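Notes follow the structure.
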């Protein structure tokens, strides 16, 4: 449906995330992957969605002056926001344990920003989902880290894995946003282009 309407455009997904790539396939969109190495450093005064907005735009700026007239570049960034700080990808098992333990029996926010860039414009959107964890035992957390190695995930967990099935008590908002892309918002935005 949307694929047909967007056929005069070329969608470029600038993400190495297998989950984001799968979402674009599942949305039935034709796209190509173009990656650039971008150092994901943001000003320390930024908070919550300001961080992901900044990083999604930073990733898009790396392609400045390279996009053709019919190309739409899509970049994005996801963080977990908890206790007034950003939880990115864990550095190691200890870091992953500390992150998950801090979210046990509490509610955190998962924030994803998406930047759509063309040769002459740039549009930014973000989505925020509240996720509440059950009270988690150290044993369950350690089992998850050891068996699932969640080092490529913001906040050190994947909601679509074993952990999400046993740890999550409640989700308020977009489920796919927690996995790294607010698919309904992305789809809606792309429909506005045609």
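The values are calculated or read from the model by the stated rules, or taken from the named source; none is laboratory data. Predicted model, so just to flag it, every value in this text is computed and none were measured. Cβ placement follows ideal geometry from the backbone for every residue including glycine, while neighbour counts extend to all protein chains displayed.
Is it true that some residue in the stretch 167-179 is surrounded by fewer than 19 Cβ atoms within 10 Å (Cβ to Cβ) and without any contact (Cβ under 8 Å) to a residue 24 or more places away in the chain?
no
Residue check: is residue 125 modelled with pLDDT of 95 or more and surrounded by 22 or more Cβ atoms within 10 Å (Cβ to Cβ)?
No, not satisfied.
For residues that are surrounded by 10 or more Cβ atoms within 10 Å (Cβ to Cβ) and either over 22 Å from residue 118 (Cα atoms) or touching a strand residue (DSSP E or B) at 6+ places or on another chain (Cβ under 6 Å) (or both), tally how many sit in the stretch 33-58.
Adding up the residues that qualify gives 13.
Within the stretch 11-28, can you find the residues that are under 23 Å from residue 158 (Cβ atoms) and either more than 17 Å from the chain's Cα centre (by Cα) or part of a loop (DSSP other than H, G, I, E, B) (or both)?
14, 15, 16, 17, 27
Which ones in the stretch 59-79 are buried (at least 18 other Cβ atoms within 10 Å of the Cβ) and either touching a helix residue (DSSP H, G or I) at 6+ places or on another chain (Cβ under 7 Å) or without any contact (Cβ under 8 Å) to a residue 24 or more places away in the chain (or both)?
73, 75, 76, 77, 78, 79
Among what's in the stretch 80-90 and is outside any strand (DSSP E or B) and surrounded by 13 or more Cβ atoms within 10 Å (Cβ to Cβ), pick the residue that is modelled with the lowest pLDDT.
88
Would you mind finding the one in 131, 114 that is under 18 Å from residue 165 (Cβ atoms) and surrounded by 17 or more Cβ atoms within 10 Å (Cβ to Cβ)?
Exactly one residue qualifies, and that residue is 131.
Hey, can you tell me all the residues within the stretch 36-58 that are part of a loop (DSSP other than H, G, I, E, B) and either in contact (Cβ under 8 Å) with a residue 24 or more places away in the chain or closer than 15 Å to residue 17 by Cβ (or both)?
Result: 36, 37, 38, 40, 47, 48.
Where in the stretch 91-194 are there helices (runs of 4 or more DSSP H), lying fully within it, with 1 or more residues that are over 18 Å from the mean Cα position of the chain (by Cα)?
93-103, 138-148, 162-167, 183-191
Quick one: which residue in 138, 152 is out of contact with any strand residue (DSSP E or B) (no Cβ under 9 Å at 6 or more places or on another chain) and in contact (Cβ under 8 Å) with a residue 60 or more places away in the chain?
Checking each option against the conditions leaves just 152.
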